[in-house]
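What follows is a set of notes on a single structure, which appears directly below.
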Amino acid sequence: MRRQLPVYSPLDAGAIASATIAAVRGGDRERTALQQELGVRFEAERVILTGSGTQALQLALSHLPPPGPGGTVVGLPAYSCYDLVTAAVGAEVRVRFYDIDPVSLTPDMESVREVLRAGASAVVAGNLHGFPLNWGELRSACEAAGVVLIEDAAQGVGTATDEGPGGTLGEVTVLSFGRGKGWTGGGGGALLLRRGAVGRMADARLAEATRSVGTRHSVVTTAAWTLGRPTLYGLPAAIPGLGLGETRYRDPVRPGPISFFSAALARRTASSAAAAVAHRRHRARRLAEHLGASNANDVGDDRGFVVCEPLGGADAASFLRLPVVFENAGGAAAFARMAQGLGAALSYPLPLHRLGPAQPIQMDGVQKLTGSERLASSLVTLPTHEFVTAEEEESITTLLARNPSGWRSTS
């Protein structure tokens with residue numbers, strides 16, 4: 001039975017085979033070449049390749065400027081991937097959470113300023129679903145406070161801002177080559193350093209590793225490629241133990257190097273990942289137009305949902321998915337259940353400040369985080385990748401439109 005994937009990163013058998021051979025024959029060369037290519041593309045002075053994007057962020061948080069009397073405190077978005085908490089726990093820092101605007105999916109600036117006034121040592125700003133950041137405002141606020149601003153571009157490659165393209169914006173930038181990030185190596189990540197961060201992290205070291213060919217990454221990536229298509233995806237998705245589509249917290253590990261295979265595969269998928277951005281923008285624009293996104297100015301119109309709109313318009317986003325925010329949790333859950341076979345999916349089910357592992361490291365005095373609460377309960381994402389057919393696109397928009405009383409009344 002056909003079941004659409006919620007998200008997809010371009011991948012083919014030739015790239016997997018070539019990366020596997022390269023990893024066995026000369027993996028160190030692949031790592032060096034990827035470092036050089038990332039440095040040129042993202043204008044970085046130093047590139048540290050890590051076992052994951054989470055490890056890259058953990059490494060960055062472990063090398064912040066000397067803390068104040070209250071220790072190292074990091075401002076994190078209250079709505080994002082759970083791996084941000086994993087990185088903070090691993091780096092042994094305290095956190096304060098700031099809110100996210102539920103329409104543009106950007107940091108709420110008044111909430112960010114409140115975190116800065118409370119004495120944060122650094123702020124992490126990350127893209128959600130390929131939406132651009134309000135980087136100019138963030139940079140100005142953090143510079144005025146003398147605080148490090150870290151760009152988490154795990155979901156941001158292919159986005160654009162007035163300050164530059166995603167991945168080039170901060171003194172410190174985090175990349176991820178995990179599955180579902182738009183650009184995959186089957187695993188791995190990178191920490192990109194510029195200006196003052198280069199000196200600050202001069203002593204940054206990864207865990208010693210034996211010759212890391214990445215056999216497991218190769219096997220898992222091959223299986224994911226084989227089953228990661230609509231005609232077969234229903235098989236692994238039906239196995240509860242695999243946890244496909246589930247958001248889970250993962251304990252931190254000591255940052256280590258990227259595997260040879262992941263470095264080689266990331267190099268071989270870079271061009272196809274870049275080309276896929278234009279396709280996803282086209283798909284997202286079509287879906288948004290069919291859903292009447294231009295008529296919605298706040299969360300919840302007469303239909304009970306609103307299509308999120310990126311700052312700078314569609315050309316500024318890479319649209320890993322198209323986010324839709326429902327007026328209530330019941331409407332979101334009902335639609336996600338009905339459209340599951342079409343690739344619709346609920347997003348992160350808990351805001352980070354309510355995540356269990358965040359409680360011991362969270363500073364007192366949590367501010368109201370209403371935008372993040374709404375996103376956790378009511379955000380559904382629609383697929384934008386190349387496997388989505390015109391018929392599936394029409395089915396998604398028809399299903400959203402067919403509830404005559406609007407999704408706001410669904411319980």
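The values are calculated or read from the model by the stated rules, or taken from the named source; none is laboratory data. This one's a predicted model, so the numbers in the text were calculated from it and none came from an experiment. All Cβ positions, even for glycine, are placed from backbone atoms using ideal geometry, and neighbour counts span all protein chains on display.
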Within the group Gly365, Gly371, Gly356, which residue is among the small types (Gly, Ala, Ser), at pLDDT 95 or above and surrounded by fewer than 14 Cβ atoms within 10 Å (Cβ to Cβ)? Gly356
Quick one: is Ala274 part of a helix (DSSP H, G or I) and over 21 Å from Ser378 (Cβ atoms)? yes
Mind checking whether some residue in the stretch 64-72 is at pLDDT below 95, surrounded by 15 or more Cβ atoms within 10 Å (Cβ to Cβ) and among the β-branched types (Val, Ile, Thr)? yes
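For every residue, the table says whether it meets (1) among the charged types (D, E, K, R); (2) farther than 15 Å from Leu206 by Cα; (3) out of contact with any Asp or Glu (no Cβ under 9 Å at 6 or more places or on another chain).
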{"site": "Arg25", "(1), (2), (3)": "yes, yes, yes"}
{"site": "Arg31", "(1), (2), (3)": "yes, no, yes"}
{"site": "Gly39", "(1), (2), (3)": "no, yes, no"}
{"site": "Phe42", "(1), (2), (3)": "no, yes, yes"}
{"site": "Thr54", "(1), (2), (3)": "no, no, no"}
{"site": "Leu61", "(1), (2), (3)": "no, no, no"}
Residues to consider are Val198, Val174, Val157; find the one that is part of a helix (DSSP H, G or I) and among the aliphatic types (A, V, I, L, M). Val198
If you take the residues in the stretch 1-25 that are touching a residue at least 24 places away in the same chain (Cβ under 8 Å) and over 19 Å from Ser271 (Cα atoms), which one is surrounded by the fewest Cβ atoms within 10 Å (Cβ to Cβ)? Met1
Evaluate the following for Gly180: is it within 29 Å of Gln359 (Cβ to Cβ) and either within 19 Å of the chain's Cα centre (by Cα) or surrounded by fewer than 24 Cβ atoms within 10 Å (Cβ to Cβ) (or both)? yes
The residue that is surrounded by the most Cβ atoms within 10 Å (Cβ to Cβ), considering only those in the stretch 80-104 that are out of contact with any strand residue (DSSP E or B) (no Cβ under 6 Å at 6 or more places or on another chain) and outside any loop (DSSP other than H, G, I, E, B), is Ala87
What residue, among those in the stretch 183-210 that are of a type in the set (Lys, Arg) and surrounded by 17 or more Cβ atoms within 10 Å (Cβ to Cβ), is modelled with the highest pLDDT? Arg194
Would you call Val325 in contact with a helix residue (DSSP H, G or I) (Cβ under 6 Å, 6 or more places away or on another chain) and without any contact (Cβ under 8 Å) to a residue 24 or more places away in the chain? no
